[in-house]
Amino acid sequence: MSSWTLATNNLLAPYTPTFVANGALGITGDWLGIGKGDCHLADLFTRSSDPADTVRARLPAFHALDIHNGLHWLGGLDRNTSLVRGYRQELDLRAATLTTRYRWHDGDRRIDIAIDLFVCRHEPGLAVQRLTLTPHFSGPLRLSALTDERRGDLLRDQLAAEPLRATAPNRADLGWTLLCSPAQRDTTVAIATLLQLAGPFEALEHSFVDTCGSSGVQLTFHAQADATYTLTRYVAVGRLDAADALGQARRAGEIGYAGLHAAHAAAWEQLWEGAIEIEGDDHAQRVVRAAQYAVLSSLRAGSRWSVSPMGLSSRGYGGHIFWDADIWIYPAVLLTHPELAQSCVEYRCDRLEGARAKARQYGYAGAMFPWESDDLGVETTPSWAPCGQYEQHITACVAIAAWQWWQATGDLVWLRERGWPLLRDCANFWASRVTPQPDPERLDPQQVYHIRDVQAADEYAIHVDDNAWTNASAARCLQLAARAAALIGETAPPLWEHVAERMYLPFDPERRITLEYEGYTDAIIKQADVVLLTYPLEWPLPADVAANNARYYATRVDADHGPAMTYAIHAILAAAAGDRALLSEYLRRSYEPNLRPPFLSFSETPDQDYCTFVTGAGGLLQALLFGCCGARLTDEGLAFPHPPTLPSGWTRLRVRLRCRGSTYQVVVTPEGREVQAIPPAA
């Protein structure tokens, strides 16, 4: 099997659906390919059942299909059926296209069915679906192509339909537009559909359906045995008026399926210039392709929108933006696809006012970023979850991501106009959040700084004092803000560096390990915390302490219930230590227990099927870039301070990295690492 293709032929095998998306619009697949999955716009939210919460809105299912063969509806089948034969569903990762093919064998009513689905990469709000039917009998067939509002969260505002029109011999089309809106948002979304028919339709009749929460068309015709019939649906989705949306769908229809798919595939081909290539382990290559696909599908250049833990595969976690975006996913594309990464950091800059409002709410200065953020940039953590109030390290994570953007670009104009206000306000938050306390070991001045009562990055630890990651990342935030001030000619308050220098980190002098928090006593941890000080923070720990932390906390991870990305950090640390055996083990553990067939989707944890966990995919990709390749971002740009290390069995790893206007090809083999500058295209 090609490393670019993931497929299943077995209806009885475990099945987790995949998704197609372009960073703005996403569609979840289903086993028959007839539109039973959810549809989402990345930045469209509506009210949830929790008054403190919003969720990403489900759009009406604009790709719903069904076929009646004169006896039964196709949509009534389940996966245990014996009526589907020759089944194959295939995800073409390279062209981001989902294809489903099978024969529906219902007595003497046999129909070959092929359904192709993609979301145009080159057009942010355009989806294309093609149904091809070849019945092997003559007789009546009925096709249903609906916009199913029952499977969405939006309220209908308006519906308009156009009549069927013949466009050429054996060709016809018709269109309709639905205007709808989410609760608690002053916006309207248009969903415009153009349906094109091609084939020898005899005695064709059509009716427009507008009943029971569904709108669309039903077609009835007399099928000829062994003739082929094609129904192509072009759907334009966005904040448009009805005429503009339908116009966009009609223009798509004029280009046609082949032309749109070629442009879509070309846009994906550009993204895949940043593909990570592995030799020596075909399975790992397919896993990494699937991971990059999940990340790239969930981000879009120029969108100024970030990525939720489940990306555009679903509205898991409400579609909200967490630290997952800033620490786990964004760094995975910052050097391979900086144009996508910029959208993540601009999302935070655009919503600085919401963070300032949260800081004021809790009596702090500066900006306190929400643990869960939506389109408005305000706290949307459900009221029952303590992390909205106590998991405060996210403010440092946001600041670190902003600084990394400056490191990757060297753009002082951006730093002055966009990065500095964010870094300044994050630093002011931490300066107001710390608690000073006299320290008898320090004479000048006699105080250290604590951060009391937080939820750790290890979310099993709640209401703890001096969490290692929270304290260290807060101190780093203060240092970064001071550096930014110096670069752009601003004056940093002396308190920032003072607090950063004297931030307390709990330490066990006998075992020479950093304690996860004050009073930590060997508890099992949910996910990476202390080890994050070594990567990504590059905190100046003594070498033996960093090594002890890595060894010790690897034994405390909840391997059965914790999320995948923890082992990616341990893989990075093992690679930096040149330990090939440990790198191999931890890299495998960062993905293998969490993969779900048939599309190698990441589940959040080994013991459940919550997919697709784009955070875990981001962790794996970081392990390759910053672990195997040994790369790091510094204030001078791209550097390779750590030795290259490959897992057992791998013979070659190749990546393309882009930093500060230059492009580099990095090749790692068992013999070493080669970094070559790629000349710009003429």
Note to self: Under 8 Å for C-alpha pairs, at least 6 residues apart: give me the relative contact order for segment 380-558, rounded to a whole percent.
What the structure shows: 20 percent
Notebook entry, point to check: How would you rank Val666, Val119, going from fewest to most other Cβ atoms within 10 Å of each one's own Cβ?
Noted result: Val666, Val119
Notebook entry, point to check: How would you rank 351-362, 317-328, highest first, on the average number of other Cβ atoms within 10 Å across their residues?
Noted result: 317-328, 351-362
Next item on the list: Report the one residue of His63, Ala568, Gln196 whose Cα lies farthest in the direction of the positive end of the charge dipole of the chain (charges on C-beta: Lys and Arg +1, Asp and Glu -1; origin at the Cα centre).
Entry: Gln196
Margin query: If the only charges are +1 at each Lys and Arg Cβ and -1 at each Asp and Glu Cβ, what is the size of the charge dipole of segment 361-486 around the Cα centre, to the nearest 20 debye?
Written below: 520 debye
Next item on the list: May I ask for the net charge around Glu518, where only other residues with Cβ less than 13 Å from the Cβ of Glu518 are counted and Lys, Arg are +1 while Asp, Glu are -1?
Entry: -4
Next item on the list: Using only Cα atoms, find the angle between the long axis of helix 565-576 and the longest principal axis of the chain, and express it within 0 to 90 degrees, rounded to the nearest 10.
Entry: 60 degrees
Check: Please state the relative contact order of segment 112-179 as a whole percent: Cα pairs under 8 Å, 6+ residues apart?
Finding: 21 percent
Next item on the list: For segment 60-271, give the magnitude of the charge dipole about the Cα centre (Cβ charges: +1 Lys/Arg, -1 Asp/Glu; no others), in debye to the nearest 20.
Entry: 380 debye
Checklist line | Kirkwood-type radius of segment 223-311, with distances r between different C-alpha atoms, in Å | finding: 16.7 Å
Note to self: Can you give the Rg/Rh ratio of the chain, where Rg is from the C-alpha atoms and Rh is the Kirkwood radius?
What the structure shows: 1.01
Next item on the list: Principal axes first, then extents: for the Cα atoms of segment 380-558, list largest minus smallest coordinate on each axis, whole Å, largest first.
Entry: 46, 44, 32
Notebook entry, point to check: By counting other Cβ atoms within 10 Å of each Cβ, how are Ile572, Ile115 ranked from fewest to most?
Noted result: Ile115, Ile572
Margin query: Between helix 580-589 and the chain, what is the angle of the helix's C-alpha long axis to the longest principal axis, kept within 0 to 90° and rounded to the nearest 10?
Written below: 50 degrees
Checklist line | Using alpha-carbon coordinates, inclination of helix 420-433 to the longest axis of the chain, degrees | finding: 60 degrees
Margin query: With a cut-off of 8 Å between alpha carbons and a minimum separation of six or more residues, what is the relative contact order of the chain in percent?
Written below: 12 percent
Next item on the list: Can you tell me the dipole magnitude for the chain around its Cα centre, using point charges on the Cβ only (Lys, Arg +1; Asp, Glu -1), in Debye to the nearest 20?
Entry: 1340 debye
Notebook entry, point to check: What order do you get for Trp384, Trp430, Trp650, Trp469 when you list them from fewest to most C-beta neighbours inside 10 Å?
Noted result: Trp384, Trp650, Trp469, Trp430
Item checked: Lys/Arg +1, Asp/Glu -1 at C-beta; the chain dipole; positive extreme among Thr18, Ser2, Pro331 -> Ser2
Checklist line | Residue-averaged [θ]222 nm for the chain, counting only DSSP H segments that reach four residues, each worth -39500 (n - 2.57) | finding: -8500 deg cm²/dmol
Item checked: Label-to-label distance, nm, for residues given as Phe507 and His136 (7 Å Cα→Cβ offset) -> 7.6 nm
Margin query: Semi-axes of the equivalent ellipsoid for segment 60-271, please: Cα gyration tensor eigenvalues, times 5, square-rooted, ordered largest first, whole Å.
Written below: 28, 21, 18
Check: How far apart, in nm, are two points set 7 Å out from the Cα along the Cα-to-Cβ line at Arg103 and at Ala258?
Finding: 2.8 nm
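Here, each number is a calculation from the coordinates, and none is a lab measurement. Computed from a predicted model, the values in this text were never measured in an experiment. Here the Cβ is made from the backbone with ideal geometry for all residues, glycine too, and neighbour counts use every protein chain on show.
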